[in-house]
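Input: a single structure, listed below in structure tokens.
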Amino acid sequence: MSKLQILEFPDPRLRTVAKPVTLVDAEIRELVDNMFETMYDAPGIGLAATQVNVHKRIIVIDVTEDKSEPLVFINPEVTVLDGDAEDYQEGCLSVPGFYENVTRIPHVRIKAMDKRGQAFEMEARGLLAVCIQHELDHLNGKLFVDYISPIKRTRIRKKLEKQHKMRA
């Protein structure tokens, strides 16, 4: 396994809409393993393939404290089930160091394939439901900063651009 580079806002590659996976093979399984290693090392609770510059519809998530429940969603489709939208403070590995409130639905159903290519469905609530929606946004070329005011988004972009220049 190897760690992958996480793209950071405002990198335009984060705006690429991911394409469906047509075959879950050894290459996809290796990508999933590398995504988990990258996510755990960052550390984070979710990572979309788009964030590591692979534009395929793959998400990895583990919202547990002890990293004991890794979840893989290939070609995920989400259906909102119920509940009033709630504000959740979100951060993102592609927008490091920034947290903002985003309004999400706390109960969803997700249909996807697992790491073996087997189709499954599950319901998710709370943090897991929010994380799924956040990562699915990445696959659609959207970031959590798109939900905040243009002024805040510009401030974050400028701070990250300054950090990128200092590292270069």
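The values are calculated or read from the model by the stated rules, or taken from the named source; none is laboratory data. Please read these numbers as outputs of a predicted model, since none were measured by experiment. For neighbour counting, all protein chains shown are included, and Cβ atoms are generated from backbone atoms with ideal geometry for every residue, glycine included. Side chains are part of the model used for accessible areas, which takes the heavy atoms of the whole protein and leaves out ligands, DNA and RNA. Shrake-Rupley method; radii C 1.70, N 1.55, O 1.52, S 1.80 Å.
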Quiz prompt | Looking only at the stretch 113-126, and only at residues there that are out of contact with any Asp or Glu (no Cβ under 7 Å at 6 or more places or on another chain) and among the hydrophobic types (A, V, I, L, M, F, W, C), the one that is nearest to VAL17 (Cα to Cα) | solution = MET113
Exercise. Examine the stretch 116-129 for a residue that is open to solvent by less than 50 Å² (accessible area, probe 1.4 Å) and of a type in the set (Phe, Trp, Tyr), and state whether such a residue exists.
Key: no
Self-check item: Pick from the stretch 1-40, criterion surrounded by 15 or more Cβ atoms within 10 Å (Cβ to Cβ), out of contact with any Leu (no Cβ under 8 Å at 6 or more places or on another chain) and among the β-branched types (Val, Ile, Thr), ranking: farthest from LYS152 (Cα to Cα)
Solution: VAL24
Exercise. Could you tell me whether any residue of the stretch 139-151 is among the β-branched types (Val, Ile, Thr), open to solvent by 80 Å² or more (accessible area, probe 1.4 Å) and free of Cβ contacts under 8 Å to residues at least 60 places away in the same chain?
Key: yes
Practice problem: Could you check how many residues of the stretch 64-96 are under 14 Å from PRO43 (Cα atoms), in contact (Cβ under 8 Å) with a residue 40 or more places away in the chain and open to solvent by 50 Å² or more (accessible area, probe 1.4 Å)? | Solution: 0
Quiz prompt | strands (runs of 3 or more DSSP E) wholly inside the stretch 41-114 containing at least 1 residues that are touching a helix residue (DSSP H, G or I) at 6+ places or on another chain (Cβ under 7 Å) and over 27 Å from ILE28 (Cβ atoms) | solution = 86-92, 95-104, 107-113
